[in-house]
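**Q** Before anything else, here's the structure in question.
The values are calculated or read from the model by the stated rules, or taken from the named source; none is laboratory data. In this text, all values refer to a predicted model and were calculated from it rather than measured experimentally. Note: ideal-geometry Cβ built from the backbone for every residue, glycine included; neighbour counts use all protein chains shown.
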Amino acid sequence: MSAPASPFDWAPKLVSSFIDGAFVGEVGGYRIPTFYPGDGRIISELQEADALEVDRAVRSARRAFNDPAWRDMAVEARQSILYRIAETIEANALELATLETLNAGIVRRDVLGRQVLRAAYNFRFFAEAISQQPGQVWQQNKDYLTFVTRHPVGVAALIAPWNSPLALASMKVASAIAFGNTCVLKPSEQTPLSLARLVELINDITPPGVVNLVNGRGGVTGAALTEHPDIDLIAFTGGTETGRQIMQTAGRRLKPAAVELGGKSANIIFADADQERALDGALISIFSNNGQQCLAGSRILVEDSIFDDFVGRFVERAQKIRVGDPLDDATEIGPIASARHREHILSYVGVAQSQGASLLTGGHALDRPGYFVEPTAVLAPSNSDRVCQEEIFGPFAAFVKFRDMEDAIRMANESQFGLVGYCWTQNLDKALRVSQGVRTGLMWVNTPMVRELRAPFGGVKDSGLGRDGAAASMAFFTEEKTTTIPIADTTLRKFGV
Ligand code: TXE
């Protein structure tokens, strides 16, 4: 589709569920307005799926799964579908990016240059991964050959958050369908637009029912989906409390679930680091994606000998960041995704100050329509302060000083979370000790946020359970079956002779 006169014309008036190859369309029921965080205007309306509509979506996914044409498809045919989805995403990049920006407030230039490319890459990556998976054969027992085959699990419930819908949901859909499952995707009720379009585009390529979409609030549509008896597995990204509820449901129903939750990741900066690179990395890791990302390096631990200088330079740069219209290519930070979340972020200024922290920069909403927050940093007296322990999920950095490596590792580990971590040093020994000593799912040394999809990604402690990645996703989205066959003359015991 060629670009309309106004980017807002890309937003549909109504977003409904997409079931069995088509949008459900207007059927009445509960509606939720969708806002443009750049000025607070309503841009669309979401029609919430109730339990009956969720049931229709799950039944559609089940029918598609039961069709051997999908489930037992040759790997080359499945690869070609995944490659075509990647190409379609790229061909529709501007529309998808604009919808993401209108809905989530992420700067469009960044969505185009990063998230949309990542969404396409997710499909391409799994197209390649599925043709390269080795199997297991056991032949130590000379009389028998035992081999293990993998089979798709079935119908997956995929639940996505609002902070980076395209990148996160596309990873789930790509890994689910690559391994032969079918799915029902539920985006966040705040950000349905880009994913509704993505699901429509995917359905031009996949058989109907392979990828379905339901929209609505977590407690209504999300709960109906995870509670549905015909769901075989659940993949969730979102907040820690919701993650606990999902795990309870999965436990009760004995279904596998992978939950990728929040973080409060330590960014450890040693005096012997390349200071300029560490500074760039610290700014990227807290301010990209408008600060709303689980990977954020939101606790910046700096060695005391460089503390004042490093913090001074960070503040100087933070004050020059261009905050504003996310559709403008010159903007670096756009609006927070919702008014409620902006208030949540700003409330931490008071929280920090009440515990003795000093405000280094920012701390206010911008005086203009939309949900903008100044890039903010505080100096926390202690790592046990709430600003160092709770996920704020915005452009809000908390600085703490450390004495030496042991002190830094101890502080990094004093957290309920353990998603990622960052370490900046020129000393290999220190880099290795920190990367091994900090209890987290992933550590980046001298670089921010390089996502190697071949390697496992996921959190420990309250940051989640389960991993994404080539082997990890295969383990989650397939079931192993062991088959044993005699390959020699084996005599059997005879009953009743
Ligand atoms: O997330 P929710 P919220 C963190 C971040 C944020 C906090 C709360 O700190 O401030 O979580 O955000 C669906 N059954 N992250 O409240 O509610 C919901 O509709 C099934 C970190 O917005 O967890 C949405 O689709 N589904 C994070 C999705 O869960 C339910 C990204 C996530 O929303 C449900 C987002 C239920 N009972 C927030 N309740 C990350 N890991 O990147 C809600 N949902």
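**Q** For G180, are the conditions met, namely being within 24 Å of S131 (Cα to Cα), surrounded by fewer than 24 Cβ atoms within 10 Å (Cβ to Cβ) and at pLDDT 95 or above?
**A** Yes.
**Q** Residue check: is P369 within 17 Å of I336 (Cβ to Cβ), over 26 Å from the mean Cα position of the chain (by Cα) and not acidic (D, E)?
**A** yes
**Q** Considering only the stretch 294-319, state which residues are under 26 Å from the mean Cα position of the chain (by Cα), part of a strand (DSSP E or B) and of a type in the set (A, V, I, L, M, F, W, C).
**A** I300, L301
**Q** Listed residues L465, L442; which is within 16 Å of the ligand (Cβ to nearest atom) and over 28 Å from D274 (Cβ atoms)?
**A** L465
**Q** Then there is this: Name the residues in the stretch 372-390 that are under 12 Å from L346 (Cβ atoms) and assigned to a loop (DSSP other than H, G, I, E, B), would you?
**A** If the condition is that a residue be under 12 Å from L346 (Cβ atoms) and assigned to a loop (DSSP other than H, G, I, E, B), then F372, E374 are the ones that fit.
**Q** Right, here's the next one. What are the residues in the stretch 445-462 that are farther than 28 Å from D274 by Cα and acidic (D, E), if any?
**A** Listed by number, the list holds a single entry, D462.
**Q** Here's a follow-up. Could you tell me whether the stretch 134-155 includes any residue that is in the same structural domain as Q245 (by TED's automatic domain parsing) and either in contact with a Cys (Cβ under 8 Å, 6 or more places away or on another chain) or within 16 Å of the ligand (Cβ to nearest atom) (or both)?
**A** In the first step, residues of the stretch 134-155 are kept if they are in the same structural domain as Q245 (by TED's automatic domain parsing); the result is 134-155.
When the remaining residues are screened for being either in contact with a Cys (Cβ under 8 Å, 6 or more places away or on another chain) or within 16 Å of the ligand (Cβ to nearest atom) (or both), the result is 155.
Scanning the stretch 134-155, I find at least one residue that is in the same structural domain as Q245 (by TED's automatic domain parsing) and either in contact with a Cys (Cβ under 8 Å, 6 or more places away or on another chain) or within 16 Å of the ligand (Cβ to nearest atom) (or both), so the answer is yes.
**Q** Here's a check for you: in the stretch 103-124, which residue that is under 16 Å from the mean Cα position of the chain (by Cα) and surrounded by fewer than 22 Cβ atoms within 10 Å (Cβ to Cβ) is nearest to N181 (Cα to Cα)?
**A** The residue in question is Y121.
**Q** Taking into account only those residues within the stretch 269-280 that are surrounded by 23 or more Cβ atoms within 10 Å (Cβ to Cβ) and within 22 Å of E414 (Cα to Cα), which is farthest from the ligand (Cβ to nearest atom)?
**A** F270
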